[in-house]
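Below is one structure, written out as structure tokens; comments come after it.
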Amino acid sequence: MTDGRKEGPPHGPPPLPQAGKAVTPESSRNRSLLLIGGLGCGGFVLLFMCCGVLGLVIDGGSGTGTQRSRETIAEAPAESVIQISANQLFAEYEANDIAADKKYKDQILEVSGSVGDISRDILDNIYVTLKTGEYKLFSIQCFFADDFEDRAAELRPGQYLRIRGRCDGKFGNVMLKDCIIVE
């Protein structure tokens, strides 16, 4: 312009977007981040489950156990069996996984408590959980051989049991394998 005025940006705020117009890059980026975050969380849960299944497969299945292992557990001398309540065992693992593993992992435990679930895992292994508190998400998960099916069918939630098995540490639940019910 020749009148001596400088050209500059227009004065006043930019116009507001109208409804039904295209998505702005900023809102699109927020949706992308939300989607990525959701997929990341879902992926973590899937990884957690796969690792558990992989552990079961590598171990040969949680519930199958060998007859010899179950006989060893059933015939273990009383002084070598650690007697503990489900609540106490879980509390020790919650307080310090490392210390609890040093004390209990690969040891024969006789755990007492109330039955929570009687079911099968995704590999069709029979298990019974012992409750570890009224509102606890995790529990003591006791795996049995397939020949335990008839006995498992007789169990009821809330029933008090003593279960003997080999402690396999904690992966969410504290795991006992090659289990038997102590009469």
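When you check A152 against the structure, is it outside any loop (DSSP other than H, G, I, E, B) and over 20 Å from Q67 (Cα atoms), yes or no? Here the answer is no, as A152 does not meet what is asked. Being in contact with a helix residue (DSSP H, G or I) (Cβ under 9 Å, 6 or more places away or on another chain) and surrounded by fewer than 20 Cβ atoms within 10 Å (Cβ to Cβ) is a property that holds for G172.
For the range 96-112, filtering for residues that are among the β-branched types (V, I, T) and surrounded by fewer than 17 Cβ atoms within 10 Å (Cβ to Cβ) leaves 1.
Among the residues making up the range 113-131, a single one is surrounded by 13 or more Cβ atoms within 10 Å (Cβ to Cβ), hydroxyl-bearing (S, T, Y) and farther than 17 Å from D168 by Cα: S114. Among the conditions (1) open to solvent by less than 30 Å² (accessible area, probe 1.4 Å); (2) under 19 Å from the mean Cα position of the chain (by Cα), the only one that L155 does not satisfy is (2). If we keep just the residues of the range 64-79 that are at pLDDT below 80 and assigned to a helix (DSSP H, G or I), which is surrounded by the most Cβ atoms within 10 Å (Cβ to Cβ)? My answer is R70.
The values are calculated or read from the model by the stated rules, or taken from the named source; none is laboratory data. Owing to the predicted nature of the structure, the values given are computational and were not obtained by experimental measurement. Because the Cβ atoms are built from the backbone with ideal geometry, glycine has one as well, and the counts that use them run over all protein chains shown. Heads up: the accessible areas ignore ligands, DNA and RNA and are worked out on the full protein's heavy atoms, side chains in. Shrake-Rupley method; radii C 1.70, N 1.55, O 1.52, S 1.80 Å.
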